[in-house]
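Trainee: Questions regarding the structure given below will be posed in turn.
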Number of protein chains: 2
Amino acid sequence: MTTDKIDIHRGLADVYFDRTESSFIDGKEGTLLYRGYNIHDLAEKSTFEETSYLLIHGKLPTRSELDAFDVDLRSSRAIPDQVVEIIRAIKDSHPMDVLRTATSALSSFDPDAGDNSPEATLRKGLRLTSQVPTIVTTHYAIRDGREPVAPRNDLSHAANFLYMFKGEECDEDTNQLMDKDFILHAEHGSNASSFTARVVVGTNADIHGAITAGIAALSGPSHGGAAEGVMKMALEIGEPENAAQYVKDVLARRDRVMGFGHRVYRAEDPRARHLKAGVKRLSEEMGQPKWYAILEAVIEAMKPYARRGIHVNVDFFAGVIYYLNGIPEDLFVPIFAIGRMPGWVLQVLEQQENNILLRPRLAYVGPEEQAYVPIADR
Amino acid sequence: MTTDKIDIHRGLADVYFDRTESSFIDGKEGTLLYRGYNIHDLAEKSTFEETSYLLIHGKLPTRSELDAFDVDLRSSRAIPDQVVEIIRAIKDSHPMDVLRTATSALSSFDPDAGDNSPEATLRKGLRLTSQVPTIVTTHYAIRDGREPVAPRNDLSHAANFLYMFKGEECDEDTNQLMDKDFILHAEHGSNASSFTARVVVGTNADIHGAITAGIAALSGPSHGGAAEGVMKMALEIGEPENAAQYVKDVLARRDRVMGFGHRVYRAEDPRARHLKAGVKRLSEEMGQPKWYAILEAVIEAMKPYARRGIHVNVDFFAGVIYYLNGIPEDLFVPIFAIGRMPGWVLQVLEQQENNILLRPRLAYVGPEEQAYVPIADR
């Protein structure tokens, strides 16, 4: 059949499917606003809890609003024993597969299961935001043969995550860097995982289904895999003086240099700079300054390409931060998921508010109508 | 910010996002082709196994190809004990939530886990096609306090499903009607669940993630819920003579009559007629002819609206078939999922073949850049 007259929008790249009050991304200028607030202000002045409130409620909280919100978050960190057992049963899987299954299973124990109202969706979304870090660290402990570390409610979201991961509290600098990393990953418009969540909500499915599906999408290397890719690259480069040759070789075989370029940004990814200083400090503190030096050398080698709109993205620095904290590479994407939770909750709530089935079309290019031949005559 | 100049395609309704060789749907004419073969031929002459082969491989099989394919399907029906335990842990949830979690968990036990090649994806897709009915009937038995019925490999896909559900073999007519129901639900282009699966694959995520996400989308009442809605309506109507008044009342309060209308079809849904005769026969055989009579009376009452393109869809007759087989209402959507499996597998494979990140845009209509005010000053 002919599709000559049909406009095909492969990848839906420049197709607008709805309006949003979530975030504003200007890829040419390198601008990112969450609910109207510049990412630079939020990265420097806000906390993950406050930014989550902003994303979900659409305004910056007063002190008492933030306190109440934080109490909700802190009190929901534990996951049911049955979900711990499910994690135990699938402990040898990739952490993203475990996160997907455990998130899906949490719906079975949620007191608001079956209630798809905006109020219940918000409560479930906040609970999931609190529970996802616990899933990740519970799995990490179990596969290492240790007992999971129970969450603490006297720590911030980021500090508690690091505490559950390491079994001991981190210093304030490290907690703040993790907090900033979560802020920078919290929301990014209709990226593939948020879009997936919206498509699921479009059928009036619930938030557990939507976020499970979002996690499935994030698990794909083209979406969440960049931080892991950058760290692998840094390890392959090994020493700063090898960086220029490495970049040359990668480009010669027409491969991508990891952590550069973004579907949306043609200018610098405005999130990248906020992790840069953290990587520098952390790698010096840990007596491993070479990791920062390697990244700097890669940027230097890539400079001729910056003119073509190829700049570092947020994941360029994130991987080294995780690595220096002793986090194994296969937990990098789950950490992205922890950060993205408030954005997914926001996208789900906004889709619900003015909902519509998201059902684009495929242009048929297969054979014309075929005669059915009985099997004996084939 | 202004979005005056931006075209918004709400619901992506007439946006083509790619080419396909899967199925051709002409909503105006009421035509549906799977891989070029008319749904009427397939419903009347084919089997679910043969149609699955056609969908997945793109051609009708020879006898030996079909036999080999069927051996693969029959040998993969069992699910691991650990997944049975997971189902037990979440047994009180809605069957679609259980199906989503168990499908996600199956990835942890699949011998091809981590291999995203087309060959491994095909093997995983066939395994899932075989396993999904076992998940559904295992959960059904467990929540009823019975031991799950183990699958048999001497029965067809449809006959084995009914056997696992009832604990005894059904007669040939009933098996054939179930088989036909699965054929009619097997594939339908870029419906919301298949589109979800494609968006997930677009990030290079794997087929377990894609189909888990598809199940999440199908669980929404706007996608998979129609058969359940029709049966509830038939039960509310109670007797054929109440149908006309019921329809009048529903339309007077501007509600929808369930099982009528479809996002794509403006003519008759070509799948509907193939279940009609089955409902008639089955309801007579069971000594409950009134169910067929009620549906006929509803169609009669809706006739004035047929001119406006509102016709019965495939789910109009499906629900009564399930009901007469003693299948509880909350298993209707899982049965849709069982039927849709080969279509999802096909859509995943086709997306992988010429893959691209599916990332449309949202037009920002929120506030312009806001000044960040410290919390003490808010």
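Trainee: Determine whether region A:219-241 contains at least one residue that is touching a Leu at 6+ places or on another chain (Cβ under 6 Å), more than 28 Å from A:Gly36 (Cβ to Cβ) and within 14 Å of chain B (Cβ to nearest Cβ).
Mentor: yes
Trainee: Assigned by TED's automatic domain parsing to the domain that holds A:Thr134, assigned to a helix (DSSP H, G or I) and under 22 Å from A:His185 (Cα atoms), is that true of A:Ala337?
Mentor: Against the criterion (assigned by TED's automatic domain parsing to the domain that holds A:Thr134, assigned to a helix (DSSP H, G or I) and under 22 Å from A:His185 (Cα atoms)), A:Ala337 qualifies.
Trainee: Show the residue pairs that are 6+ apart or on different chains and have beta-carbon atoms under 7 Å apart, the first residue being within region A:101-120 and open to solvent by 10 Å² or more (accessible area, probe 1.4 Å), the second being among the basic types (Lys, Arg).
Mentor: A:Asp110/A:Lys124; A:Asp110/A:Arg127; A:Asp112/A:Arg123; A:Asp112/A:Lys124
Trainee: Please enumerate the residues belonging to region B:52-68 that are more than 11 Å from chain A (Cβ to nearest Cβ) and touching a strand residue (DSSP E or B) at 6+ places or on another chain (Cβ under 7 Å).
Mentor: Correct list: B:Leu55 only.
Trainee: Quick one: is A:Ala78 of a type in the set (Gly, Ala, Ser) and more than 7 Å from every other protein chain (Cβ to nearest Cβ)?
Mentor: Answer is yes for this residue.
Trainee: Then there's this: Pick out the one residue from A:Val298, A:Val279, A:Val264, A:Val247 that is open to solvent by less than 70 Å² (accessible area, probe 1.4 Å), assigned to a loop (DSSP other than H, G, I, E, B) and not assigned by TED's automatic domain parsing to the domain that holds A:Ala105.
Mentor: Result: A:Val264 is the single residue among A:Val298, A:Val279, A:Val264, A:Val247 that is open to solvent by less than 70 Å² (accessible area, probe 1.4 Å), assigned to a loop (DSSP other than H, G, I, E, B) and not assigned by TED's automatic domain parsing to the domain that holds A:Ala105.
Trainee: Tell me, yes or no, whether region A:260-282 has at least one residue that is over 23 Å from the mean Cα position of the chain (by Cα) and under 15 Å from A:Val230 (Cβ atoms).
Mentor: No, the conditions are met nowhere in region A:260-282.
Trainee: List the residue pairs whose Cβ atoms are under 9 Å apart, where the first residue sits in region B:356-378 and is among the aromatic types (Phe, Trp, Tyr), the second is open to solvent by 70 Å² or more (accessible area, probe 1.4 Å), and the two are 6 or more positions apart or on different chains.
Mentor: B:Tyr364/A:Arg19; B:Tyr364/A:Glu21; B:Tyr372/A:Glu44; B:Tyr372/A:Lys45
Trainee: For A:Glu228, all conditions in the list (1) acidic (Asp, Glu); (2) closer than 25 Å to A:Thr20 by Cα; (3) not in a loop (DSSP other than H, G, I, E, B) hold save one; what is the number of the exception?
Mentor: The one condition A:Glu228 does not meet is (2).
Trainee: Test of understanding: among B:Arg100, B:Arg146, which residue is of a type outside the set (Phe, Trp, Tyr) and at the interface with chain A (Cβ under 10 Å from one of its Cβ atoms)?
Mentor: After applying the criteria, what remains is B:Arg100.
Trainee: Among the residues of region B:63-95, what is the count of those that are open to solvent by 30 Å² or more (accessible area, probe 1.4 Å) and either closer than 30 Å to A:Ser107 by Cβ or in contact with a helix residue (DSSP H, G or I) (Cβ under 9 Å, 6 or more places away or on another chain) (or both)?
Mentor: Result for region B:63-95: 15.
Trainee: Here is a follow-up. Go through region A:342-365 and report how many residues are open to solvent by less than 20 Å² (accessible area, probe 1.4 Å) and facing chain B (nearest Cβ under 7 Å).
Mentor: 5
Trainee: Sticking with this structure for a sec: What about A:Glu368, is it modelled with pLDDT under 95, open to solvent by 10 Å² or more (accessible area, probe 1.4 Å) and within 14 Å of chain B (Cβ to nearest Cβ)?
Mentor: When the stated conditions are applied, A:Glu368 passes them.
Trainee: Check B:Ser107, B:Ser130 and return the single one that is farther than 22 Å from B:Asn160 by Cα and of a type in the set (Gly, Ala, Ser).
Mentor: One residue alone meets the criteria, B:Ser107.
Trainee: On to the next question. All but one of (1) of a type in the set (Gly, Ala, Ser); (2) within 14 Å of chain A (Cβ to nearest Cβ); (3) open to solvent by less than 40 Å² (accessible area, probe 1.4 Å); (4) more than 18 Å from B:Ala89 (Cα to Cα) hold for B:Ser130; which doesn't?
Mentor: (2)
Trainee: Select from region A:188-209 the residues that are at the interface with chain B (Cβ under 7 Å from one of its Cβ atoms), outside any loop (DSSP other than H, G, I, E, B) and small (Gly, Ala, Ser) and list them in ascending order.
Mentor: Correct list: A:Ala192, A:Gly202, A:Gly209.
Trainee: Then there's this: If the Cβ limit is 9 Å and pairs must be 6+ apart or interchain, which residue in region A:30-44 that is more than 7 Å from chain B (Cβ to nearest Cβ) and in a loop (DSSP other than H, G, I, E, B) pairs with which residue that is open to solvent by 10 Å² or more (accessible area, probe 1.4 Å) and of a type in the set (Asp, Glu)?
Mentor: So the pair list comes out as A:Gly30/A:Glu268.
The values are calculated or read from the model by the stated rules, or taken from the named source; none is laboratory data. Remember, it's a predicted structure, so these values are computed and weren't measured experimentally. Cβ: placed from backbone, ideal geometry, glycine included. Neighbour counts: every protein chain shown. Surface accessibility is based on the protein's heavy atoms, side chains included, excluding ligands, DNA and RNA. Shrake-Rupley method; radii C 1.70, N 1.55, O 1.52, S 1.80 Å.
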